[in-house]
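Everything on this sheet refers to the single structure shown next.
Every number here is computed from the coordinates shown, using simple stated rules; none is lab data. Here the structure is a predicted model, which is why all the values come from computation and not from measurement. Backbone-built Cβ (ideal geometry, glycine too); neighbour counts: all protein chains shown.
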Amino acid sequence: MSDLPPDLPRLHALETYLQIQLAAVQDAIRHHEQQTRTNTPPEVEPPPWLAEYGIGATRTTVQIHRGDCAMTGPRKKAISEQEARQGCVEVGACQYCRPDTALGIVD
């Protein structure tokens with residue numbers, strides 16, 4: 001079968017030892033799970049409005065997006081509602097997320 005002690009007292013001692021070891025392993029698992037939960041960054045709410053910028057030294061605004069738009073490029077920054085309104089009028093709004101409609105500029 002296995003290399004276990006043949007008598008009852010030593011079997012009970014081995015059982016106690018294994019229960020202590022199991023409890024230690026379970027504590028370590030709980031500790032690591034808690035560390036994983038606390039190290040997970042919190043969900044970040046997207047900003048309500050984004051300005052997308054073009055390439056070049058001037059980095060002019062190309063178009064305005066809603067904050068959750070998947071069509072934004074890599075060059076973007078959060079802007080205020082007033083800046084979004086002004087940007088929609090001056091440079092244009094994304095044709096997919098339609099921030100101009102959300103802002104009440106276009107029906």
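Summing -39500 (n - 2.57) over the DSSP H runs of n ≥ 4 in the chain and dividing by its residue number, what mean residue ellipticity at 222 nm do you reach, to the nearest 500 deg cm²/dmol?
Mean residue ellipticity at 222 nm (helix-derived): -14000 deg cm²/dmol.
Size of the range 49-102 along its principal axes in angstrom, Cα-based, largest extent first?
Over the range 49-102, Cα extents along the principal axes are 31, 22, 17 Å.
By how many degrees, 0 to 90 and rounded to 10, does the Cα axis of helix 8-39 deviate from the longest principal axis of the chain?
10 degrees
Against the longest principal axis of the chain, how steep is helix 81-90, in degrees 0 to 90 to the nearest 10, with axes from Cα atoms?
50 degrees
Taking 35 Å as R0, compute the FRET efficiency from the Cβ-Cβ separation of residue 38 and residue 70 and round it to 0.05.
It comes out at approximately 0.70.
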